[in-house]
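Input: a single structure, listed below in structure tokens.
The values are calculated or read from the model by the stated rules, or taken from the named source; none is laboratory data. Every value quoted in this text rests on a predicted model; they were computed, and no experiment measured them. Don't worry about glycine lacking a Cβ; one is built from the backbone with ideal geometry, like all the others, and counts go over all protein chains shown.
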């Protein structure tokens, strides 16, 4: 996204994504049992405290939405999501994302009684303009060194072609027990005089994937939801003129800021973002930047009992950020709601992975895109036991099916047969896969794939 007070020159769309878990689940926070309104753990932290941390990162809060389990802050450069036990900070441009980590750790300790880190993840796509970055973000090696100085057991990886589209990941190994009121320090905690000895991180194991039947939708009654974690990212570049056009401000410059929220919601409705997921499950917050750019956060109640049991999460999010300028156009979609892979035609249901990918791509019409699915190994192991395949292998199948085969009407607006070309939401561009990699990390598995546009709708 961009704004009227942004510096001249190209804007860096690809985001820096930081995710810190202070406990395995919200139920493991010290004050979980005493809360009656969902405001415990990190959600007890006052907004001014987060604003002070974001000053370090060089961004600000534009608006916020409170859910039953998560608070979603829309930022001048992307998003902040705060759950009782977890914080997700996603920032674009030349923000100093990692410089906020020490302050985040202090806030968690002083305001939420969370004095240890269970796991930390930091990832990003390769920058378009690395020379414009500042601080530790000037190069991947410096980012690794910055995090290594804070955490004793981190591991860093480059996934994909070093001279092409690739994805960078840093993660720590899981801690032992979660945070406790006494302040015990888990192995993933930052290096302090009282820190425990680090545990070694097992090396990732690249694995090939093969075509196989798609896995079933996760059961709402599964009893392993505490350990589950699922994040899909779709990172898109070279957006088509039609895909970029809606994100240029139509409001007079003097009115743009006052109408930014309303304009963002209008765009969301006009191009189909409001119907990526069933509207009755979605609380959307959107912002249209001037002279161009767009951001939105959405909270999704994917379980009807969301917020009632800290050990049983039922609310997730998706977030979208768009930099539409020709020459460095970029759009990102991220979602942590576990998606089924078996297709459903029910408009009231959460879409399957293939359908969601096609809906997102139809909106932005990228020339190139990278997809990542990051999923906890417990879920992956269960899929292997039940289906004879892993969840990441099924994801690779969904990636390929969504992008290399002509979409059907049911993928977008319902009905049977091939979708007509040329309609907003039924863009039928076909892609070729240029890279496919599966990784097994300590406790997590990754499906990574890159695609390029092969043919446009006729």
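Would you say residue 323 is surrounded by fewer than 21 Cβ atoms within 10 Å (Cβ to Cβ) and within 19 Å of the chain's Cα centre (by Cα)?
Working: surrounded by fewer than 21 Cβ atoms within 10 Å (Cβ to Cβ): no; within 19 Å of the chain's Cα centre (by Cα): yes.
Judged against the criteria, residue 323 is not a match.
Can you name every residue in the range 249-261 that is surrounded by fewer than 13 Cβ atoms within 10 Å (Cβ to Cβ) and assigned to a helix (DSSP H, G or I)? So that I can check it myself, show each step before the final result.
Step one: of the range 249-261, the residues surrounded by fewer than 13 Cβ atoms within 10 Å (Cβ to Cβ) are 250, 252-255, 258.
Correct list: 253, 254, 255.
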Whether any residue in the range 142-152 is touching a residue at least 60 places away in the same chain (Cβ under 8 Å) and either assigned by TED's automatic domain parsing to the domain that holds residue 96 or surrounded by fewer than 19 Cβ atoms within 10 Å (Cβ to Cβ) (or both) is what I want to check. no
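Does at least one position in the range 10-26 carry a residue that is at positive phi and outside the structural domain of residue 304 (by TED's automatic domain parsing)? Even if it seems obvious, please write down each step before you answer.
Pass one, the range 10-26, residues at positive phi: none.
No, there is no match, as no residue in the range 10-26 is at positive phi and outside the structural domain of residue 304 (by TED's automatic domain parsing).
Please verify whether the range 80-103 includes one or more residues that are surrounded by fewer than 16 Cβ atoms within 10 Å (Cβ to Cβ) and under 20 Å from residue 122 (Cβ atoms).
yes
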Does residue 424 satisfy being assigned by TED's automatic domain parsing to the domain that holds residue 341 and either part of a helix (DSSP H, G or I) or modelled with pLDDT of 95 or more (or both)? no
Residues being buried (at least 16 other Cβ atoms within 10 Å of the Cβ) and over 19 Å from the mean Cα position of the chain (by Cα) - total across the range 45-61: 5
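Look at residue 389 and say whether it is over 24 Å from the mean Cα position of the chain (by Cα), modelled with pLDDT of 75 or more and crowded, with 19+ Cβ neighbours inside 10 Å. Lay out the reasoning, then the answer.
Numbers: over 24 Å from the mean Cα position of the chain (by Cα): yes; modelled with pLDDT of 75 or more: yes; crowded, with 19+ Cβ neighbours inside 10 Å: yes.
When the stated conditions are applied, residue 389 passes them.
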Among the residues of the range 299-315, which ones are touching a residue at least 60 places away in the same chain (Cβ under 8 Å) and in contact with a strand residue (DSSP E or B) (Cβ under 8 Å, 6 or more places away or on another chain)? 299, 301, 303, 306, 307, 314, 315
Could you list, in sequence order, all residues of the range 104-132 that are closer than 20 Å to residue 55 by Cα and more than 22 Å from the chain's Cα centre (by Cα)? 106, 107, 109, 110, 111, 132
Exactly one condition in (1) surrounded by fewer than 20 Cβ atoms within 10 Å (Cβ to Cβ); (2) under 22 Å from the mean Cα position of the chain (by Cα); (3) closer than 23 Å to residue 306 by Cβ is not met by residue 33; state its number. (2)
Here the residues within the range 272-291 that are in contact with a helix residue (DSSP H, G or I) (Cβ under 6 Å, 6 or more places away or on another chain) and surrounded by fewer than 20 Cβ atoms within 10 Å (Cβ to Cβ) are 272, 274
Residues that are at pLDDT 60 or above, in a strand (DSSP E or B), touching a helix residue (DSSP H, G or I) at 6+ places or on another chain (Cβ under 8 Å) and within 30 Å of residue 174 (Cβ to Cβ): does the range 374-382 have at least one? yes
